[in-house]
C-alpha cells in the first residue's frame, strides 16, 4: 500500500492548521501580557530621553485610538485573526507610519539568506563529518580530532558571536564590525556587491554554524554506526563491495532521512539563535526586528514576525511528515 | 530542542530490535570512558564549588566588597597587581570573581538539573501516553508540543521575565521547564511506539495487565540508561537557555550567576578593556561544564545502545 | 539518493518561493533609489586628496573630508524622510545636517542663541510673541525661507494636532504674518517659555521644524502621509548646509551644499566637512573598535571603562575633560524615587534616613568608576544652573557627598523599628525592605541600584535591586489603585530644566488638577507649599533672578519631606576622534555640548577643522 493516504494527509494538515491557530493566539496573549501600554511607554520614554513634550497625553490618546488599542480585547483579537490570515499586519507603533510588511520585506531576505546558508552548510558538512566520524574505517586520529572541534557546541551563540567579532573583526581586522554590505557598492547582481554581502555575512554565519553543527555531527555519527551494523549493510560487505561505496550508497543514504527530520525540527532553534547573533552584528534581518519589537512592545511587529517564524517551522515539519512516507515506503501511516 | 534529536534517530530501530532482548555479555556497558571522564570532571567541579563555599567568603559577591578592576594573581592591569586576596581578580563593581564562580556554578547547574527533571517527568508521562495510547491523546500532545516549539523562546522568556522579575531558584527552573519537555516527549513517544509490539509487552497485554502497569513496570526499566541520557542532555539544554537569558540581562539579579557575570562583562566592554578574567573565566567554566554534560550524554547513549560503542 | 535529492531541492525551493512571495508583498522604492543615486557616482573619477574633492562629487569625498558619526538608534523606513514621524529619523543626521532650528539654547550661558530666527519677543503678559526671522535664508532648492513658511507650518500643526505639533497647538491660538520676516503668535494663555520650549533646540531637537510651504502645501491636510523623499526633485528640502546623498541599511550619507544660504547672507562660512556619514554599529565593542581604527569620528555615550580602553589604544581619542571624569553631564540627573504612598515608605522619617544612608561619593566611585560627580541638588549642574545650585548650597540645602550611617540608624529607630537577628530592622513582625527598580536597558541605573541597595543593607534595610525592561519599570511605578502592591523605590531620572529649575520642579508638583506630585505621589502640607512656589516660578521668565529665592523656598519643602533622594549627575561621555578633525567641543572650548545626536551638532559641524 502507498505510504501516504489521503486520510493521513488531511489529518496532518488539520493538526498543522490547528497548531498555527493556537500559536498565533498565544502570541497575541503573550505580547499583551507584559504590564504597561506600548504607546504610553514609548512616549514616556521619548519624554525622558528627549525632554518633556507638552500635550503628550493627547498624543498618547490619539495613537491608542488610531491603532485600535482602545477597543475591547475580543474585538482586537478577532481583527487580529482576520488580518493575520490575509497577511495584513498593519503599521508599526514605534515606527509609525511605516507598515509592518515593508519592515518585514526589508528584513526577511537577509534572514532567509543567512538562515538558508547556515542550514545548508550545517546539513552538508555536519552530516559529512558525522559520517566520517562514525565510519568504522576512519583512522583513529581523525576520530580523536573531531570531538575537540565540538568545543563550541552548546555555548550560547551570543558568546560565540562576541568571540569571533573580537578576534576577527576587532583584533585582526579581517571582517567588518557591523552591517550587511558596504555602502560604496551598488546593490544588485554585480560581483562587488555579492562579495561584500559574503564578507559581511561570514562571521554571523560562522557564529551560528559553530554552536549548532555539533549536534548534526553527533546525530549523523550515531546513525552511521547504527546502520553500519544493519543486515543489509553486512550483506553488501559480504558481497565484497568497496567500503566507501557502501558508506555512500547504503549507510549515508539511509541515515540522511532521519537527519532531515531533525533539521526540520531544529529550525526553530536555529532561528532564535540567529536573533541574537543578528543583533550583535547589527545585521538588518528579522532577528533585529523581533528583538527590538519585543523590547518596545510593538505588538503588530511582534505578531507579524512571530507569525513568519511559526509558518516556517510548522510548514517544514508538515512537509517532512507528508513527504516522508512518499520517500520511504516502509513507513505507513494508516491505522495500526 | 536540537540536542536530543540524534538520540531519537538512533533509538527507534535499535531498541526495537535488540535493546530489550539481551545485552552483549562480554563487558560492562557502564565502563564507558566518555561517561566516566565526564562524570569525574563534572563531579570535581561541583565538589570544588561546594567545598569552596565553605572556605571562601561568600559576601565577596556583593558590590563594592573588593577593590575594583583587580586582575588575577600574577597579572598586572592598570597599575594594579593581582594578589591572593582575590586570586581570580574582581570586576568593575568590586565583586570577587572566585566568589561569583563558587556561588554561581552550583546555582546555574542546579536550576538546569531541576528544570530538566521536571521536563523529563512531563516527557515521560506525555511520551508514554502518546505512544502507548495513541489516537486523540497522541494528537493533543503533538499539538501541545508543536505549538510551544513554534513560539520564539526569546519572546516568552522576555515577557515572563518582566512579569516575574526576581524569579527565585524554583520559579526559574519551572520557567525553563516550559522549554524542556517537548524533546523528551517526542523521543519517548518514538521509543514507546517501537516497543509496543515487542513480545513481552504483547504478553503482558494478553494477560490483562492495566495500561499504567505495562507502561511503567514493563517498559520503563528497559529505558533507564536512555532516560538518564535524556536527563543530562536536558540539563545541558536548560543551562544553555538559562545562560543565554542571563547574558541578555534578563535573569534574576538577586543571586549571582555565571550568565549575569557575563552580561555585566559584556555591558562593561570587558573584552575591549582587556579584562579577560572577567568574561574568560566564566566562559571557560561553562564550556567545561557543557563538554562534561555532552560526554556523559554520549556515554549514556552508548550504554543504552550497544552499537554506538567503539568497535 | 535521487529521491532524497529531489526532496531536499523541493524543500528549499518551497522555502524560497515562500520568501519571494512574502518580500514581494510590499513595494519599497529604497533599493532602486539607492541604486540610482550611487550609480551616478561611478561616472566621476577619483580625486586625489591634495586637490580635494570637487563640488558635485562630494559623495566620493575622501576620508579626510568626511566626518563619521555614530548612529546609535535604528531608523527603519529609509524611504520616509518626514521629520514628524516617530521613527528615530532625526537622530541619524536629519536634524544635525539638514534641519536648522530657529533658536538654540546655550547650556553654558543659559541664553537662547539665534539661528534661522533672529529674535523672539513677548508682550508684558507673555501671551503675544513676535518672531523676527533672519534675512537671506533660503531652502536648499533656492526658494526663500520666510514668514509664509512659518505661518503655513504652524497652521498645519493646528489643523493636524496631535499627530504633529501637539505642544504648538496647545499654546497657540492663531498665527499671523506681519511682513516677510515677521510673524506674530497669539497664545491661548500666558507662557514665558514659549520661545524656549516650542521653537528652540533645548534638549534633543526642535521637534516643531518649519517646513517649506511650496513642497508641503499639497499635504497640508495629511502631512503624516508625505514621505518627503524624492531624489529626482532634490527632496528632502530643508535649509541646512548639507543634502541627503544616499543611505544603506546602516549608513546615512550627506554631502555639502556649496550654495548654502549662510555664506551669502553673511551668517557663517561653509562648514569644512564635505561629507557627513551617520553609521550604525551593533555593539559598544564594535563602535569602540571603529573609533580606535579611526573609522568613526564621534561616538554616542559610552562607559568610562570603554573610554579608557579606547584612549589607551588610540591617543587621538579625547573626551570633554582631559582627566576624570572625562565626560560632561547629561541633562537628566539620577535620583532614588520613593513611593510616598507605600505603607512603610510613606513615613518621611524613613526617607530622611535613606537620604543619610546614601554615600554619593561611593556611588560615583563604584557605579561610575569615578566618571561623574555627586549631585548637589536634583538639577543638572550646567553653567546656566550655577546661580540656583549655589543659592541652595548657601541655604544649607545641598545634598551631602558622604553618608552618616549612625544618624540614619537613629532616625529609623526613632520611628519604632528594631534590629532583628538577621541584622535588618523590623516593626510589628514586618521587615524593613526596599526593592529598588532599575532599567534593564540602562547599565548606569543598574549599577547605581546595586550600590544603593548595598548601602541600605549596611544600615539595616533589606534592600535589593530589581532589573526591569523600561516599559515594566515605568508601569511598576504607575498607580493602579492599590498602594500596598506598588513599588518601594526606583533608580529614576528627571530631564527637565537645563537652564532653569521650573521644568524639573514642575515634574514633582505641577499640573492643574493633580492631588499628588510625580511618580513619587508626594502629597501633604509641604507639597502644597512646594506647589505654590512652583506656580510662582511658572510665571517668571527663565533665568529671571527673582526666581532664585522662590527655588530655595521650594527646595526647603523637598528637604523637609524628602519625597525622593538625589543621587548623582548623569554622565555623558562621548569619545571624539582628533585624527581627521579637530576643534571638537571640550571643557576648554565649550562652544556647545559634545552630543552628536542632538540638533546642536550644527555648531560642531561648523566648528570642525581638518587635522592637516
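The values are calculated or read from the model by the stated rules, or taken from the named source; none is laboratory data. Remember, predicted model here, so these are calculated numbers, not experimental data. Quick reminder, even Gly has a Cβ in these numbers, built from the backbone with ideal geometry, and neighbours come from all protein chains shown.
Report the residue count in the range B:104-134 for those that are more than 30 Å from residue B:282 (Cα to Cα) and in a helix (DSSP H, G or I).
Within the range B:104-134, the subset more than 30 Å from residue B:282 (Cα to Cα) is B:121-134.
Checking the rest, the ones that are also in a helix (DSSP H, G or I) come to B:121-133.
Qualifying residue count, the range B:104-134: 13.
Residue-by-condition table, conditions (1) away from chain C (no Cβ under 14 Å); (2) surrounded by 24 or more Cβ atoms within 10 Å (Cβ to Cβ):
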site: B:203; (1), (2): yes, no
site: B:210; (1), (2): yes, no
site: B:217; (1), (2): yes, no
site: B:228; (1), (2): yes, no
site: B:255; (1), (2): no, no
site: B:262; (1), (2): no, yes
site: B:283; (1), (2): yes, no
site: B:288; (1), (2): yes, no
site: B:291; (1), (2): yes, no
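Can we say residue C:537 is surrounded by 23 or more Cβ atoms within 10 Å (Cβ to Cβ) and either modelled with pLDDT under 90 or within 14 Å of another protein chain (Cβ to nearest Cβ) (or both)? It would help to see each step written out before you state the result.
Working: surrounded by 23 or more Cβ atoms within 10 Å (Cβ to Cβ): yes; either modelled with pLDDT under 90 or within 14 Å of another protein chain (Cβ to nearest Cβ) (or both): no.
No, not satisfied.
Evaluate the following for residue B:271: is it touching a helix residue (DSSP H, G or I) at 6+ places or on another chain (Cβ under 8 Å), at pLDDT below 85 and either assigned to a loop (DSSP other than H, G, I, E, B) or more than 14 Å from chain C (Cβ to nearest Cβ) (or both)? First the steps, then the outcome.
Values: touching a helix residue (DSSP H, G or I) at 6+ places or on another chain (Cβ under 8 Å): yes; at pLDDT below 85: yes; either assigned to a loop (DSSP other than H, G, I, E, B) or more than 14 Å from chain C (Cβ to nearest Cβ) (or both): no.
Answer is no for this residue.
Which condition from (1) in contact (Cβ under 8 Å) with a residue 40 or more places away in the chain; (2) more than 14 Å from every other protein chain (Cβ to nearest Cβ); (3) surrounded by fewer than 24 Cβ atoms within 10 Å (Cβ to Cβ) is the one that residue C:362 breaks?
Of everything listed in (1) in contact (Cβ under 8 Å) with a residue 40 or more places away in the chain; (2) more than 14 Å from every other protein chain (Cβ to nearest Cβ); (3) surrounded by fewer than 24 Cβ atoms within 10 Å (Cβ to Cβ), residue C:362 misses just condition (2).
Limited to the range C:457-473, what total is found for residues that are modelled with pLDDT of 85 or more and either touching a helix residue (DSSP H, G or I) at 6+ places or on another chain (Cβ under 6 Å) or over 20 Å from residue C:568 (Cβ atoms) (or both)?
Within the range C:457-473, residues that are modelled with pLDDT of 85 or more and either touching a helix residue (DSSP H, G or I) at 6+ places or on another chain (Cβ under 6 Å) or over 20 Å from residue C:568 (Cβ atoms) (or both) number 6.
Can you tell me which condition residue A:288 does not meet? The list is (1) farther than 24 Å from residue A:35 by Cα; (2) part of a helix (DSSP H, G or I); (3) touching a residue at least 24 places away in the same chain (Cβ under 8 Å); (4) facing chain C (nearest Cβ under 9 Å), and all the others hold.
For residue A:288, the failing item is (1).
Of all residues in the range C:167-183, how many are away from chain A (no Cβ under 14 Å), touching a strand residue (DSSP E or B) at 6+ places or on another chain (Cβ under 9 Å) and assigned to a strand (DSSP E or B)?
The qualifying residues number 8.
Any chance the range B:221-231 includes a residue that's more than 22 Å from the chain's Cα centre (by Cα) and farther than 28 Å from residue A:16 by Cβ?
From the range B:221-231, those more than 22 Å from the chain's Cα centre (by Cα) are B:221-222; that's our starting set.
Filter once more, keeping what is farther than 28 Å from residue A:16 by Cβ: B:221-222.
Checked against the condition, which is being more than 22 Å from the chain's Cα centre (by Cα) and farther than 28 Å from residue A:16 by Cβ, the range B:221-231 yields at least one hit.
Filter the range A:156-167 for residues that are over 14 Å from residue B:269 (Cα atoms) and within 11 Å of chain C (Cβ to nearest Cβ); which is modelled with the highest pLDDT?
Only one residue tops the list, namely A:161.
Restricting attention to the range C:292-310, which residues are more than 10 Å from chain B (Cβ to nearest Cβ) and in contact (Cβ under 8 Å) with a residue 24 or more places away in the chain? Please lay out each step first, then the result.
First, pick out the residues of the range C:292-310 that are more than 10 Å from chain B (Cβ to nearest Cβ): C:293-301.
The answer is C:294, C:295, C:296, C:297, C:298, C:299, C:300, C:301.
Mind checking which pairs have a first residue in the range A:221-239 that is away from chain B (no Cβ under 12 Å) and a second that is assigned to a helix (DSSP H, G or I), Cβ under 7 Å, 6 or more apart or different chains?
Filtered contacts from the range A:221-239: A:232/A:250; A:236/A:246; A:236/A:250; A:237/A:246.
All but one of (1) in contact with a strand residue (DSSP E or B) (Cβ under 8 Å, 6 or more places away or on another chain); (2) closer than 25 Å to residue A:94 by Cα; (3) at pLDDT below 90; (4) within 12 Å of chain A (Cβ to nearest Cβ) hold for residue C:445; which doesn't?
Unmet condition: (3).
Go over the candidates A:177, A:218 one by one and state the one that is within 14 Å of chain B (Cβ to nearest Cβ) and not in a helix (DSSP H, G or I).
Values: A:218 fails: not in a helix (DSSP H, G or I).
Result of the check over A:177, A:218: A:177.
Give the residues of the range B:198-224 that are outside any helix (DSSP H, G or I) and free of Cβ contacts under 8 Å to residues at least 24 places away in the same chain, sorted by residue number. Write out each step before concluding.
Step one: list which residues in the range B:198-224 are outside any helix (DSSP H, G or I), which gives B:198, B:207-210.
Matches in the range B:198-224: B:207, B:208, B:209, B:210.
Please find, among A:80, A:8, the residue that is under 29 Å from the mean Cα position of the chain (by Cα), under 14 Å from residue A:306 (Cβ atoms), more than 9 Å from every other protein chain (Cβ to nearest Cβ) and not in a loop (DSSP other than H, G, I, E, B).
Numbers: A:8 fails: under 14 Å from residue A:306 (Cβ atoms).
Every option except A:80 fails the conditions.
For the range C:190-290, which strands (runs of 3 or more DSSP E) that fit wholly inside it have 3 or more residues that are under 30 Å from residue C:124 (Cα atoms) and touching a strand residue (DSSP E or B) at 6+ places or on another chain (Cβ under 6 Å)?
none
Would you check if residue C:402 is at pLDDT 90 or above and either touching a helix residue (DSSP H, G or I) at 6+ places or on another chain (Cβ under 6 Å) or closer than 25 Å to residue C:549 by Cβ (or both)? Show your work before the answer.
Details: at pLDDT 90 or above: yes; either touching a helix residue (DSSP H, G or I) at 6+ places or on another chain (Cβ under 6 Å) or closer than 25 Å to residue C:549 by Cβ (or both): yes.
Yes, satisfied.
Go through the range A:218-244 and count every residue that is within 34 Å of the chain's Cα centre (by Cα) and farther than 26 Å from residue A:122 by Cβ.
Qualifying residue count for the region: 0.
Across the range B:135-185, what is the total count of residues that are part of a loop (DSSP other than H, G, I, E, B), at the interface with another protein chain (Cβ under 7 Å from one of its Cβ atoms) and without any contact (Cβ under 8 Å) to a residue 12 or more places away in the chain?
2
More than 12 Å from chain B (Cβ to nearest Cβ) and in a helix (DSSP H, G or I): is that true of residue A:244 in this structure? Please lay out each step first, then the result.
Details: more than 12 Å from chain B (Cβ to nearest Cβ): yes; in a helix (DSSP H, G or I): yes.
For residue A:244, the condition - more than 12 Å from chain B (Cβ to nearest Cβ) and in a helix (DSSP H, G or I) - is met.
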